[in-house]
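Novice: Just passing along the structure, written as structure tokens.
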Amino acid sequence: MFPRATTSNCSVYDPAVGLLDGLRKRVEELRASGAPGLAEALVELAEVEPVFGHRAGLVRGLLEQAAAGLDAGAAELQARVLLRLAHVKMVEEKYDDADRALERGLLLLGAHDPRRVEAACLSGRIALRRGDRASGERIISGVVEWLSRPPTSPGEQRAMIAAALAAGELAAEQPDSEVRAEEIFREALAGLAPGPDERFLDAIYLFRQALAAIGLGQGQDSALHQLRELITLCKQVGAAGDEIHARIALAGVLTERGDLVGLEEAGRHLELARTRALEHDLEELHALTMIGQAGFLARRGKTQGALDICLAIARNAVARKDVGRYVGAAVLMSTIYELRGDFPTAYRALAEAQQGLQDKIGAQADKLFEPHLFGLADRMGRERFVAMIYDVRKADEVARTLPAEGSPRKNRRS
């Protein structure tokens with residue numbers, strides 16, 4: 001099952017350079033020389049250049065450039081642009097745009113073109129992401145035969161890999177089907193590794209990501225292997241954003257495991273993730289890395305360092321008027337206190353942040369904090385939570401009647 005094909009579907013391949021780097025080089029050469037063939041080279045590069053989770057904009061740009069240079073009669077190339085664009089739009093969660101691109105692309109494909117299978121698989125996966133499992137299952141069930149069909153061409157191998165992705169994602173959506181999903185993903189990945197096969201970087205990324213998720217759900221150490229492989233893959237293709245995400249995820253698993261060796265590795269991954277985010281000016285991911293570092297420090301008992309990071313995140317959120325990040329910083333700070341068993345301060349962290357946000361956006365702040373306050377109440381027990389709130393508020397009232405620290409006191413002598 002899933003035999004490895006040896007011929008490339010791309011016209012430019014230098015084994016000494018590698019497929020992806022060779023295609024990138026070819027595009028730059030054609031740009032510089034003005035020689036014909038740039039549009040086709042851009043299509044080939046866009047099909048191999050991975051989208052992953054954070055590279056949709058890069059691939060979309062290549063497709064737009066290719067489409068602008070294609071002749072009206074280049075139906076096959078136009079179809080390939082539209083199918084790849086549908087994939088990009090799916091990653092961007094613009095599902096209506098993805099459906100329209102698929103419909104237009106199918107009109108340009110021949111009746112027996114294997115890319116029709118790819119389009120059907122993509123359509124089924126989009127349906128699953130929309131939450132329409134019935135439609136997804138109906139569409140994907142029509143292509144699962146490709147899982148056992150030996151490919152005789154690169155096009156058929158693409159169809160088979162697309163079917164594996166769709167069938168695996170469908171199985172993962174169904175109750176008690178994790179074993180089947182894991183089997184599909186593992187067998188498909190085995191047909192593409194070692195290497196990895198650069199024609200299927202997106203598939204390899206998704207196979208490993210899915211296997212990591214399944215492994216985490218089952219408490220398997222195999223999840224750590226998959227996350228480490230994801231980091232290696234992202235580094236190889238220069239996918240900084242996805243590398244950072246993988247490092248944060250791996251650090252989180254290692255931190256939760258809690259052993260000394262794992263904690264040391266987690267710290268290294270978080271520091272590398274922070275460095276990458278700063279190098280590439282990825283501010284959102286830098287904030288995520290800081291959150292990860294705060295959790296890591298809290299787990300190691302370095303509470304003050306963790307709280308300092310939370311305060312830095314909150315200050316940054318205020319400066320950027322980023323409400324979501326501000327709430328997240330407050331919730332993280334509350335969680336750190338809760339882990340120490342300091343429930344009154346955990347409550348104060350949420351309540352004071354809620355009050356501060358109310359001054360800015362009004363009653364909408366209550367909706368943002370209510371789930372976290374209710375969660376704290378559930379974990380403490382409602383009666384204990386209510387009693388704690390009473391004690392906190394009573395203590396605050398008493399504190400307000402006391403003179404400020406350092407202020408002169410009245411002489412109470414008679």
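Laboratory data are not the source of any read-out in this text; all were calculated from the coordinates shown. None of these values were measured; they are calculated from a predicted model. FYI the Cβ positions are ideal-geometry reconstructions off the backbone, even for glycines, and counts take in every protein chain you see.
Novice: Measure nothing but the geometry: give the 0 to 90° angle between the long axis through the Cα atoms of 154-173 and the longest principal axis through the Cα atoms of the chain, rounded to 10°.
Specialist: Orientation of helix 154-173: about 30 degrees from the principal axis.
Novice: In the Gaussian network model of the chain, springs joining C-alpha atoms below 10 Å, which of Arg247, Arg80, Arg129 carries the largest mean-square fluctuation?
Specialist: Per the Cα network of the chain with a 10 Å cutoff, Arg129 tops the list.
Novice: Run the numbers for Gln358 and Arg186: contour at 0.36 nm per residue of separation, minus the present Cα-Cα distance, in nm.
Specialist: Numbers: separation 172, 0.36 × 172 = 61.92 nm, distance 5.00 nm.
Extra length available between Gln358 and Arg186 comes to 56.9 nm.
Novice: Is there a quick way to get the dipole size of segment 9-109? I mean about its Cα centre, with the Cβ of Lys and Arg at +1 and of Asp and Glu at -1; what is the value in debye to the nearest 20? Kindly include the intermediate steps, with their values, before the conclusion.
Specialist: Details: 12 positive and 17 negative charges, 22 e Å.
Computed about the Cα centre, the dipole is about 100 debye.
Novice: Moving on. Figure the gain on full extension for Lys235 and Leu58 (residue separation times 0.36 nm, minus the Cα-Cα span) and round it to one decimal in nm.
Specialist: Values: separation 177, 0.36 × 177 = 63.72 nm, distance 1.63 nm.
Gain on stretching Lys235 to Leu58: 62.1 nm.
Novice: Near Val392, within a Cβ-to-Cβ distance under 12 Å, what is the net charge of the other residues, with Lys and Arg +1 and Asp and Glu -1?
Specialist: On the way: positive: Arg348, Arg393, Lys394; negative: Asp342, Glu352, Asp391, Asp396, Glu397.
Around Val392, the charge tally is -2.
Novice: Tell me the net charge near Glu118. Cut-off is 12 Å between Cβ atoms, Glu118 excluded, with +1 for each Lys or Arg and -1 for each Asp or Glu. Could the numbers behind the result be given before it?
Specialist: Working: positive: Arg80, Arg84, Arg115, Arg116, Arg125, Arg158; negative: Glu47, Asp113, Glu156, Asp202.
Residues close to Glu118 contribute a combined charge of +2.
Novice: Here's another thing I want to ask about it. Under a GNM of the chain (C-alpha, springs under 10 Å), which listed residue has the highest mean-square fluctuation: Thr289, Thr152, Thr232?
Specialist: In the Gaussian network model the winner is Thr152.
Novice: Related question: To the nearest whole percent, what portion of all C-alpha pairs in segment 9-109 is separated by more than 25 angstrom? Can you show the working numbers first?
Specialist: Numbers: 885 of 5050 pairs.
Across segment 9-109, Cα pairs with separations above 25 Å total 18 percent.
Novice: Further question on the same structure: According to the square roots a ≥ b ≥ c of the eigenvalues of the Cα gyration tensor, what is the shape class of segment 301-396, taking rounded for a/c under 1.5, prolate for a/b larger than b/c otherwise, and oblate for the remainder?
Specialist: Details: a/c = 1.96, a/b = 1.24, b/c = 1.57.
Oblate is the answer for segment 301-396, as a/c is 1.5 or above yet b/c matches or exceeds a/b.
Novice: Evaluate the Debye formula for the chain with equal point scatterers sitting on the alpha carbons, no solvent, and hand back log10 of I(q)/I(0) at q = 0.10 Å⁻¹, in q order, two decimals.
Specialist: Cα-only, vacuum Debye calculation for the chain: -0.82.
Novice: Moving on to the next point. Identify which of Ala306, Ala249, Ala111 has the largest mean-square fluctuation in a Gaussian network model of the chain, with springs joining Cα atoms closer than 10 Å.
Specialist: Ala111
Novice: List the relative contact order of segment 9-109 as a percent without decimals, with contacts defined as Cα pairs under 8 Å and 6+ residues apart.
Specialist: On the way: 110 pairs, mean separation 21.0, N = 101.
This gives 21 percent for segment 9-109.
Novice: I've got another one for you. Hey, what did segment 316-356 get for relative contact order, percent, Cα under 8 Å, at least 6 apart?
Specialist: 32 percent
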